[in-house]
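The values are calculated or read from the model by the stated rules, or taken from the named source; none is laboratory data. Values in this document were obtained by computation on a predicted structure and should not be read as measured data. As a convention, Cβ positions derive from the backbone with ideal geometry for all residues, glycine included, and neighbour counts pool all protein chains shown. Surface areas here come from the heavy atoms of the whole protein model, side chains and all, with no ligands, DNA or RNA. Shrake-Rupley method; radii C 1.70, N 1.55, O 1.52, S 1.80 Å.
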Amino acid sequence: MMELPDLVAGGLAAGTLSALALGGGLLRLRRQQTRQRAEIAALRTQLEGSVRAFTAEVEHLAGQRVPAAARQVAHPHVAEPGPLQPLTTGTPLGIALENVVLALQSEVAAQRTRVDAAAQAGMRGATREIQAALYRLQDALRGLQQRYDDPELAHTLFRLDHENEQSLRRAQVTAVVCGAWVGLAREESHLVDAVTGGQARLAGYHRVQVHNHLETGTALVSHAVEPVAIIVAELLDNALRHSAPDTDVVVSLEHVHHGVCVTIDDAGLGMTRDERDRAQRLVAGDDLILLTDLGDPPRMGLAAIGRLTRQFDLGVDVSSASPYGGVRAVLRVDSHLLSRLDPADRPPAASAPRTTRKATADRPAPSHAYGTESGFPEAAPGHHEPSDTDGLPQRRRRTPAAAPEESPAQRPAHSPARRPEEAAAALGALQSGTAAARAAAENAGSDGHGDTPADRTGETDHTDHTDDIDIEGEAAR
């Protein structure tokens, strides 16, 4: 039998071992808790840092990226800043923030387009009323020109008619930019007539020198006449505005492989590369045209050209410089928009420059029939058609026989175009003679009720402009 002291000693030893084991476990547990507290503190610090970084990224998105993205919709050259933390690129957070920017740009572009469409619709309706009023005023002025014979009054009426024509051109261009139809229906006309018709709509028409190198009878199909006249007028207007008032703008009409080109050269300041690129984008008509992109006040000439080139399959290039240091603008009219007129049946207007090509037996020299605008310029000086008679240049007239002119050595190099005052005086004298002849006919036994005022030369295709505006409105609806 074991004695009591041995039992006590064994129990104490066992208790000591148990206490040591328990103490070791407690120590390990305390160390584990310490590590866990450190890990929790580190995780809390990391979480707080992530929250601060996310907050800063959102603030950067709202304060920098979103406004820049909205501006970039209207101004593509504006740079959009990237994420505040480059490390977020490609992460779920970075992808989510990028999607926010893209969705914002898409919605801003859609809203901008809808707002601009509403503005264009309102302006289109207002312009339609203005055009109708200007057409009525034009008819009234031309009626007064035919009724009164006083040269001074005729000169004043001519000036008013020309000013009205310029206002009508601006209203027409605005309507075209806003998506309206051109507003006028034409018959087939000689291409040179469309060019001089566009020239006559400008205040500085006398500075334009037209060189006609087309084959006789070269004409435009009916639906291309007015668009070509509008495009030529706008290109000439830009050339005249951006060149010195004592310089000329040179226009050349040439045949090319696929049709006809109208080349316009000015001696202005030219354009920078960025300006030339922007102008080319506008005239190409490939991009969506918004009124807010045209400046304040809006500059609508190139935008109208872009609308017409896309709508009527024309081509315009303004990307090159002219030989005179300015800008060269080229209008290309493809063959499917060209036709042919017999100059004996449909002669061009008398003010049109004569072609430099010699007439052949099967292709007689053309004469002119477009002109619908008031204030037509005189024929460009020095443009005479060569003749086979004695090698001297002949001026082509409406009568079959053409009287020879003086030789080029005797003719001034740059004879000035007829001034509006001289044209008005000539018309007044003609009207006075007509009135005297009518009075003599009445005294001879006429009843006096059969005479009607003679139409002005070149106004055969201006009919009822109010109906033209109504047609435009129906097409817009």
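Note on exposure: Asp296, Asp287, Asp317, Asp334 ranked by accessible area (1.4 Å probe, complete protein assembly) read Asp296, Asp287, Asp317, Asp334, with the most exposed listed first. Between Ala62 and Ala13, the simple spin-label model (points 7 angstrom out along Cα→Cβ) gives 7.5 nm. In the context of the full protein assembly, Thr247 retains an accessible surface of approximately 30 Å², using a probe radius of 1.4 Å and ignoring ligands and nucleic acids.
Heavy-atom accessible area for Ser252, with the other protein chains in place and a 1.4 Å probe, reaches approximately 30 Å². In this Cβ point-charge picture (+1 for Lys and Arg, -1 for Asp and Glu), region 1-61 has a dipole of about 120 debye about its Cα centre. Per residue, region 140-207 exposes 35 Å² of accessible surface when a 1.4 Å probe is rolled over the protein heavy atoms with every protein chain present.
Its Cα centre serving as origin, region 258-298 has a Cβ charge dipole (Lys and Arg +1, Asp and Glu -1) of approximately 100 debye. Every Cα-Cα pair in region 138-199 was counted, and those over 13 Å apart are 71% of them. Report the residues of region 10-25 in range of a label on Arg35: point 7 Å along Cα→C-beta, backbone N strictly under 17 Å from it. In region 10-25, the label zone of Arg35 (backbone N under 17 Å from the point 7 Å along Cα→Cβ) covers 24-25. Ranked from largest to smallest solvent-accessible area, with a 1.4 Å probe on the protein heavy atoms, Arg114, Arg186, Arg307 come out as Arg114, Arg307, Arg186. A Cβ-based charge dipole, computed about the Cα centre of region 134-185 with Lys and Arg at +1 and Asp and Glu at -1, lands at about 280 debye.
Among Glu48, Glu152, Glu57, the order of accessible area from largest down is Glu152, Glu48, Glu57, computed with a 1.4 Å probe on protein heavy atoms. A 1.4 Å probe, protein heavy atoms only, puts the accessible area of Tyr324 near 130 Å². Between the C-alpha center of region 178-213 and that of region 278-318 there is a gap of 18 Å.
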